[in-house]
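Below: one structure, written as structure tokens.
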Amino acid sequence: METYKVIIWGFGMVGKSALKIIDQREQLELVGVIDVDPKKVGQDAGTLAGLKETGVIVSDNIEEVLSLDADVVMYYCPTKWDKGNISRTGVTGNVDDICLALSHKKNVLTTLPVFYSKKNAPEYYERIDKVAKENGVTFTQQGIYPGLYTPYLPTVLGSLNREIESVVVYGGENDETNKAPWVSIFGFGKDPEGVDISAVTSNVFTYYAPTVIEIAERLGLEYDEFVCTSETILADKETNSQFGVIKPGTIGAHMLLMSCKKDGKEVTGFHFLHKAIDTILDDYPIEQRIEIKGRPNVTVKIDGLFDHEEPFLTSAAPNINLIASVVKAEPGYKDALDIPFGYVPR
């Protein structure tokens, strides 16, 4: 059985979760870890992830690690929003990193919002595709969303239908266990008048919204409008959370609605609920459901999508499980749906 050598670039929540999965796979061998945090540099990667020692020491020498013999770089750096971009939709810094790894003849997989770029950000697509092809390697984005849960699964499920009226994906997250620093932008437990909702929408829509475009276009569904809106939902009871005491009337959740529409009617959609804690707002349950209306009507409910103790395992798994297929894929920028799925390295 073929073994794949892996470098992890960015050893935060997703990077550590990725190592926990890699550590259980005989066909995956960790050979390098890159991170610039002084508290991590010089430490054994396994120790930092709560595992046994791996013998791989976290390094901030990017060139040295990228020069190691490896098949793939799992890129999990923080999102590097373009400075001076009010909408904060640009991630040029991340694209620079990705192209650097590709130039070292490493395939690159990431969970970051460098997603469906041929349509969403052509300048990024052209840069990445050119460097990847020049070096005979492949770039692919695949997380959970954007990624496996949307647009991958809804698109595949849509192939069941002979006629489709709409495809809507419902998702949500209990942010009580989400320790990522960016969760603070939601302002849970605060007066809604004091929270800049545009910061919420611009960041989150950058990640999630292009999935509804890809679903529509791959399933051949016509649309004339692409709409993103958000609704702030106020807490209905008092409870303690990692965000402090959440009182009635303060921010308890955000409903994010992303849609492609035709003549005002939703054709594809992603309705996502970010909730401070699941013990409030019973009328707004967190659910994972894919609903396809047409011939036939299809509804798929998914239980257990997240490990609520370690939610980032769900982000890392679809990424890692695609390693073998990406290594064998044609060079260039490839969306996950364009890669022939081979097998999952074990």
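The values are calculated or read from the model by the stated rules, or taken from the named source; none is laboratory data. Keep in mind it's a predicted model, so treat the numbers as computed, not measured. Cβ atoms come from the backbone with ideal geometry, glycine included; neighbour counts cover every protein chain shown. Areas reflect the complete protein model, heavy atoms only, side chains present, ligands, DNA and RNA absent. Shrake-Rupley method; radii C 1.70, N 1.55, O 1.52, S 1.80 Å.
A few points about this structure:
- Flag for Ser315 being without any contact (Cβ under 8 Å) to a residue 24 or more places away in the chain and under 23 Å from Leu28 (Cβ atoms): no
- Residue list for the stretch 234-258, filter: under 24 Å from the mean Cα position of the chain (by Cα) and open to solvent by 10 Å² or more (accessible area, probe 1.4 Å): Gln242, Phe243, Met255, Leu257
- Hits in the stretch 155-203 (condition: among the small types (Gly, Ala, Ser), surrounded by 16 or more Cβ atoms within 10 Å (Cβ to Cβ), within 27 Å of Ser117 (Cα to Cα) and in contact with a helix residue (DSSP H, G or I) (Cβ under 8 Å, 6 or more places away or on another chain)): Gly158
- Hits in the stretch 117-154 - residues which are touching a Pro at 6+ places or on another chain (Cβ under 7 Å) and crowded, with 20+ Cβ neighbours inside 10 Å: Ala132, Val137, Thr138, Gln142, Gly143, Ile144, Pro146, Gly147, Leu148
- The stretch 302-328 - residue that is open to solvent by less than 20 Å² (accessible area, probe 1.4 Å) and among the aliphatic types (A, V, I, L, M) and, of those, farthest from Lys133 (Cα to Cα): Ala316
- Checked against the criteria, Tyr223 does not count as surrounded by 18 or more Cβ atoms within 10 Å (Cβ to Cβ), in contact with a Pro (Cβ under 8 Å, 6 or more places away or on another chain) and either of a type in the set (Ser, Thr, Tyr) or over 25 Å from Thr79 (Cα atoms) (or both).
- Just so you know, in the stretch 10-31 the residues that are farther than 9 Å from Ala316 by Cα and of a type in the set (Val, Ile, Thr) include one that is most open to solvent (accessible area, probe 1.4 Å), and it is Val31.
- When Thr229 is tested against (1) at pLDDT 95 or above; (2) touching a strand residue (DSSP E or B) at 6+ places or on another chain (Cβ under 8 Å), only condition (1) is not met.
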